Amino acid sequence: MMPPLSNNAGSAFSGSRLTPSQQKAVFHREGPLLVIAGPGSGKTRVITFRIAALVDAGVPARNICAITFTNKAAEEMRSRAIALGASGGAHISTFHSLCVRILRRFAEDAGVRPNFSIYDQADQTKCMKQAITTCELDTTNFSPGRTLDAISTLKNKLIDADVFKDQADDFFSKMLSRIYCRYQQILAELNALDFDDLLLKTAFLLERHLDTCSELGNRFKYLLIDEYQDTNHAQYRIAKALVSSHNNICATGDPDQSIYRWRGADIRNILDFERDWPDATVVRLEENFRSTPQILEVADRLIANNESRKAKRLVPTRPAAGEVVIESYEDETGEALGLAQSIRQSIDKGVSAPDIAVFYRVNAQSRVLEEALIKSKISYQIVRGVEFYNRKEIRDLLAYLKVLVNPADEVALGRIINTPARGIGKTTIDRIRGYASRTNKTFYESLKVAGRIESLSKSASARVEQFVRMMDGFTKDISGPVGPLAERVFTESGLEQSLIAAGPDSRDALENVGELISAAASYDQQTEKPLIVDYLQQIALFSDTDVYDTSAKRVALMTLHSAKGLEFDTAFIVGVEEGLLPHERSAEDGDEIEEERRLFFVGITRAKTNLHVSFAKYRQIRGQLLRIIPSQFLFELGLGFSESIAQSTIESRQSAVENSESQILNRQSTPRFRQGDIVVHKKFGLGTVKEFADMGDNSIIVVAFNSGEVKSLKVKYARLAKI
DNA sequence: GCGAGTTATGTTTTT
DNA sequence: CATAACTCGC
């Protein structure tokens, strides 16, 4: 029996003030616990304290497993728990990271090899394209993206390819089933798992191998899951299995902040918690310690418009302060400049840059904002970390490492076999592929015996052999530290040389690789037994916010989705317009509108003191200037919206006018041209119209430019002006 | 086998 | 308009 949990005088956290409900959650003993926690209610703090309280009551830290939404959140929770006296033994990570660990440990039962590659969207798309073409299906009906989405949805519901095969009855499902099977087959051959597989394989492992399940249940005697409203069915089943022997599950979340339905998140998980665990203790944290009453009022009024929701109040505890304003601008450039101006004013008023954040609905919005911030000399960081790992030079270098760890990874292998160019082209690769399938060897095995492949020329097989020799040389270092290996691969593969040879354009690229190598080196230092397998599997699961540098003295720019879990003194939400927030793609469906509203709600409730919401009246969308309607959500804030338009428009005019005027003039229907017209193009200069195919919006024009070039262009995109 | 140049295509949010 | 994918000529 463990001693009772209590607010012991001697414990490290007893000095901190906790409200009665917070205490109830923190010191809850055994059995299921649901914490419904509004924004800013100290939810993360409660979880951290709970970990410390359990340890304080004698639970070995290693028997505690806490699941966070991002790796960054896990990292923070880890260090805070340690500060509270819970030694570092607790397992704190994301669902996906936990799954990787479990799958590595019980690889055989799970039916995977421990050195599996983790495929991101780009890798998945490659496999999917192959799957679709080998199924001899038309890609117009089955686009890789759409098909992957469909399969992801199935996987999140734990419907694997075999099960789906049996339940597919209509034509479309049968085709989808064929692709699904083929896609899984390809992944299996390449020893690769996609993100959804990590969850699915773990869930099946736990449900089908009861010994493993009980071993893990024994190891993790307490399971705490944060952001439970955004878990999907697979994650629910994993959780359910993990706690099946003791029911010590603690889930925390807020149904009003569920913003990942499109990714398979199932809000029923949190709504049905009490049905799943009937003896659950439910604690509500409704006091808000983050935001001013004004901000909370606005948030409250907005979210009250969602119909499928249980009413919940946001109870303010802070005194009134700051401001909540709606700003209107002529166009997106005006908005960006106005934003920069407001940020400048906030800084002048004493708000420090890292306490300011800008949120937007889609990443594409960030560009104009960046330009304006640069112009205004405001230093900022875009919280979009995975971008770094998507850069060509980084992907190239990582692909080498992936092949060393998992030679079956043909997506990675295909990327590097001729990068940098070493004379192994398409023909050679096709011939080796042919040999591989004839002899039932893997592609990599076939590379090793290139000399024996008759269809290959002497020189071709020599080049292949040289490649294999090089890779074998690297393989010798595979169990050593990651940094030095990455550096060695970069130099000896010729990647470095090819970047240097490419001239000054690739200075950034070289710098990026340098950054990767030092990141790897610091991983080596921080890790007891650094392993390239672990490293690759870890960085595959990085999220945007994981690279958010909270210590930087810069304004943060991020999507509303990334903003989840964060807080800032002053928040700007830009582009609050019909089509953007709510996004046009969610317009069809009432449920999706509600999710967009929750997204806005999440954004608003990130602000502690000042909230600025803005929209533009015109916006360039995909090259076209469109008249924009302010978001319906703005009216729901109850700020006397129409008055504020009038007021702020006057203010914003000065800054917006110079940029918007010229663009509004362009806002005419697609212009017409005649043969012989002299035109000017932004990039190509002067030219004469050779042909004009009048197709309304889709008109095509052929212009002979004075540079000698003849181009056929789409009139609506090419900004041509008649002279 | 390689690169330049043309053509197709897309267009939310992300672990 | 931006970029990915593809074609064609060397």
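The values are calculated or read from the model by the stated rules, or taken from the named source; none is laboratory data. The shown structure was predicted, so the numbers you read here are calculated from the model rather than taken from an experiment. With ideal geometry, Cβ positions are generated from the backbone for all residues, glycine too; neighbour counts draw on all protein chains shown.
Checking the conditions here, which among A:Ile64, A:Ile118, A:Ile132 is over 21 Å from A:Leu531 (Cα atoms) and at pLDDT 90 or above?
Details: A:Ile118 fails: over 21 Å from A:Leu531 (Cα atoms); A:Ile132 fails: at pLDDT 90 or above.
Within the list A:Ile64, A:Ile118, A:Ile132, the selection yields A:Ile64.
Quick check, is A:Leu456 assigned to a loop (DSSP other than H, G, I, E, B) and surrounded by 15 or more Cβ atoms within 10 Å (Cβ to Cβ)?
Values: assigned to a loop (DSSP other than H, G, I, E, B): yes; surrounded by 15 or more Cβ atoms within 10 Å (Cβ to Cβ): yes.
In short, yes.
Identify, from the list A:Gln663, A:Gln668, the residue that is within 16 Å of DNA strand C (Cβ to nearest atom), modelled with pLDDT under 50, loosely packed, with under 13 Cβ neighbours inside 10 Å and under 23 Å from A:Val368 (Cα atoms).
On the way: A:Gln663 fails: loosely packed, with under 13 Cβ neighbours inside 10 Å.
Unique residue meeting the criteria: A:Gln668.
Going residue by residue through the range A:386-405, is there one that turns out to be of a type in the set (Gly, Ala, Ser), surrounded by 14 or more Cβ atoms within 10 Å (Cβ to Cβ), outside any helix (DSSP H, G or I) and modelled with pLDDT of 85 or more?
Checked the range A:386-405: no residue is of a type in the set (Gly, Ala, Ser), surrounded by 14 or more Cβ atoms within 10 Å (Cβ to Cβ), outside any helix (DSSP H, G or I) and modelled with pLDDT of 85 or more.
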Worksheet item: In the range A:313-349, how many residues are under 29 Å from the mean Cα position of the chain (by Cα) and within 30 Å of A:Arg268 (Cβ to Cβ)?
Response: 1
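What about A:Ile51, is it at negative phi and either touching a Cys at 6+ places or on another chain (Cβ under 6 Å) or assigned to a strand (DSSP E or B) (or both)? Working first, answer last.
Details: at negative phi: yes; either touching a Cys at 6+ places or on another chain (Cβ under 6 Å) or assigned to a strand (DSSP E or B) (or both): no.
Spelling it out, it is not the case that A:Ile51 is at negative phi and either touching a Cys at 6+ places or on another chain (Cβ under 6 Å) or assigned to a strand (DSSP E or B) (or both).
Which of the residues spanning the range A:287-300 are in contact (Cβ under 8 Å) with a residue 24 or more places away in the chain and within 29 Å of the chain's Cα centre (by Cα)? Break it down stepwise before answering.
Narrowing the range A:287-300 to residues in contact (Cβ under 8 Å) with a residue 24 or more places away in the chain: A:287-299.
Within the range A:287-300, A:Asn288, A:Phe289, A:Arg290, A:Ser291, A:Ile295, A:Leu296, A:Val298, A:Ala299 qualify.
Conditions tested, residue by residue: (1) without any contact (Cβ under 8 Å) to a residue 60 or more places away in the chain; (2) more than 16 Å from DNA strand C (Cβ to nearest atom); (3) more than 27 Å from A:Glu207 (Cα to Cα).
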residue: A:Phe116; (1), (2), (3): no, yes, no
residue: A:Gln121; (1), (2), (3): yes, no, yes
residue: A:Phe142; (1), (2), (3): yes, no, yes
residue: A:Ile151; (1), (2), (3): yes, yes, no
residue: A:Val163; (1), (2), (3): yes, yes, no
residue: A:Gln167; (1), (2), (3): yes, yes, no
residue: A:Asp170; (1), (2), (3): yes, yes, yes
residue: A:Arg178; (1), (2), (3): yes, yes, no
residue: A:Tyr183; (1), (2), (3): yes, yes, no
Worksheet item: Only one residue in A:Gly414, A:Gly473 is assigned to a helix (DSSP H, G or I), within 28 Å of A:Ser506 (Cα to Cα) and within 16 Å of DNA strand C (Cβ to nearest atom). Which one?
Response: A:Gly414
Item to complete: Might you check whether a residue that is away from DNA strand B (no atom under 11 Å from the Cβ), part of a strand (DSSP E or B) and more than 20 Å from the chain's Cα centre (by Cα) occurs anywhere in the range A:589-600?
Response: no
Response to the item:
A:Val405 fails exactly one of (1) over 15 Å from the mean Cα position of the chain (by Cα); (2) closer than 21 Å to A:Ala502 by Cβ; (3) among the hydrophobic types (A, V, I, L, M, F, W, C), namely (2)
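In the range A:175-202, which residues are assigned to a helix (DSSP H, G or I) and under 30 Å from A:Ser214 (Cβ atoms)?
A:Gln184, A:Leu187, A:Ala188, A:Phe195, A:Asp196, A:Asp197, A:Leu198, A:Leu199, A:Leu200, A:Lys201, A:Thr202
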Worksheet item: Tally time: how many residues in the range A:615-636 are within 16 Å of DNA strand B (Cβ to nearest atom), surrounded by 19 or more Cβ atoms within 10 Å (Cβ to Cβ) and either in a helix (DSSP H, G or I) or among the polar types (S, T, N, Q) (or both)?
Response: 2
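Looking at the range A:476-496, which of the residues that are part of a helix (DSSP H, G or I) and at pLDDT below 90 is surrounded by the most Cβ atoms within 10 Å (Cβ to Cβ)?
Narrowing the range A:476-496 to residues part of a helix (DSSP H, G or I): A:482-492, A:495-496.
Retained after the next criterion (residues that are at pLDDT below 90): A:495-496.
Values: A:Leu495: 21, A:Glu496: 19.
That would be A:Leu495.
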Item to complete: Tell me which residues, restricted to the range A:421-441, are modelled with pLDDT of 85 or more, of a type in the set (Val, Ile, Thr) and surrounded by fewer than 16 Cβ atoms within 10 Å (Cβ to Cβ).
Response: A:Thr439
